[in-house]
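Heads up, the thing below is written out as structure tokens.
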Amino acid sequence: MTSSTGRGLRERMDGADERGLAAAGLACLDRCLPLLAPERAEVLRPVWAAVARGGGGAWTESVAKARVELEGAGGAAAGDGGIVSMVRAMLDGVPADWAEAPLREWAERCSAVALAVHRLHDVTDDGPLHAGELRRQLAVLDSVAHGPTGLRRARELSVEGGRVLRAVVSRRARTA
């Protein structure tokens, strides 16, 4: 898909550096995390801080800590259509090393999973939830392209997106 500026998600992802890729993947995980562990919304904050510092040892350490804190989260949620497993795979797939190739592979996989998760919760194939997720992914990549200062905006977009997804899931659970 392409944005209003004509630059598509693929093109933006292709142009991203390590920080941009890490932020893109982390933002997707952050938005979907409420489906895995709704009570642990802040567990990824240290990982965001590591992205701001440019990765390295801080990245490796914060990723390992987040995995430990989220171990067992999500359990075996019956009837979720495999969504919890998809989000869990996003978390399990976070590369421990701060290097372009594994970060790119992970960010692209997270992007696809986040779009699929939002599509599964949408009322139509390309409904407002899916379209909103695509806009957020584009906005995150645009924000982080401006350097470390754009990370704050990327995190704000992720928090907002997580709230939206959580509200949709909660509303559906009440009406089911």
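The listed residues are 111, 158, 62, and the only one of them that is within 12 Å of the chain's Cα centre (by Cα), modelled with pLDDT of 95 or more and assigned to a helix (DSSP H, G or I) turns out to be 111. Residue 153 falls short on exactly one of the conditions (1) over 20 Å from residue 43 (Cα atoms); (2) free of Cβ contacts under 8 Å to residues at least 24 places away in the same chain; (3) in contact with a Ser or Thr (Cβ under 7 Å, 6 or more places away or on another chain), and that condition is (1). With respect to (1) touching a Leu at 6+ places or on another chain (Cβ under 8 Å); (2) more than 19 Å from residue 54 (Cα to Cα); (3) at pLDDT 90 or above, the lone exception for residue 163 is condition (1).
Check whether at least one residue in the stretch 90-101 is under 18 Å from residue 166 (Cα atoms), modelled with pLDDT under 95 and not in a helix (DSSP H, G or I), and report yes or no. Checked the stretch 90-101: no residue is under 18 Å from residue 166 (Cα atoms), modelled with pLDDT under 95 and not in a helix (DSSP H, G or I). The residues in the stretch 48-65 that are farther than 13 Å from residue 18 by Cβ and in contact with a Pro (Cβ under 7 Å, 6 or more places away or on another chain) can be counted, and the count is 2. Taken residue by residue, the stretch 51-67 has at least one member that is buried (at least 17 other Cβ atoms within 10 Å of the Cβ), in contact with a Lys or Arg (Cβ under 8 Å, 6 or more places away or on another chain) and touching a residue at least 60 places away in the same chain (Cβ under 8 Å).
One residue stands out among those in the stretch 141-155 that are in a helix (DSSP H, G or I) and open to solvent by less than 90 Å² (accessible area, probe 1.4 Å): the one that is farthest from residue 50 (Cα to Cα), which is 142.
Any residue at all in the stretch 119-128 that is open to solvent by 40 Å² or more (accessible area, probe 1.4 Å), of a type in the set (Asp, Glu), more than 15 Å from residue 17 (Cα to Cα) and free of Cβ contacts under 8 Å to residues at least 40 places away in the same chain? There is at least one residue in the stretch 119-128 that is open to solvent by 40 Å² or more (accessible area, probe 1.4 Å), of a type in the set (Asp, Glu), more than 15 Å from residue 17 (Cα to Cα) and free of Cβ contacts under 8 Å to residues at least 40 places away in the same chain. Number of residues in the stretch 118-140 that are over 16 Å from residue 160 (Cα atoms) and either part of a helix (DSSP H, G or I) or among the charged types (D, E, K, R) (or both): the value is 6.
When the stretch 1-55 is filtered for residues that are outside any helix (DSSP H, G or I), modelled with pLDDT under 90 and over 20 Å from residue 145 (Cβ atoms), the ones remaining, listed by number, are 37, 38, 39, 40, 41, 42.
With respect to (1) in contact with an Asp or Glu (Cβ under 8 Å, 6 or more places away or on another chain); (2) open to solvent by less than 10 Å² (accessible area, probe 1.4 Å), the lone exception for residue 98 is condition (2). Can you spot a residue in the stretch 129-140 that is on the phi < 0 side of the Ramachandran plot, among the charged types (D, E, K, R) and open to solvent by less than 20 Å² (accessible area, probe 1.4 Å)? Checked the stretch 129-140: at least one residue is on the phi < 0 side of the Ramachandran plot, among the charged types (D, E, K, R) and open to solvent by less than 20 Å² (accessible area, probe 1.4 Å).
The values are calculated or read from the model by the stated rules, or taken from the named source; none is laboratory data. It should be emphasised that the depicted structure is a prediction, and the values quoted were computed from it without experimental measurement. Please note: Cβ atoms are built from the backbone with ideal geometry, for glycine as well, and neighbour counts cover all protein chains shown. These area figures cover heavy atoms from the full protein model, side chains too; ligands, DNA and RNA do not enter into them. Shrake-Rupley method; radii C 1.70, N 1.55, O 1.52, S 1.80 Å.
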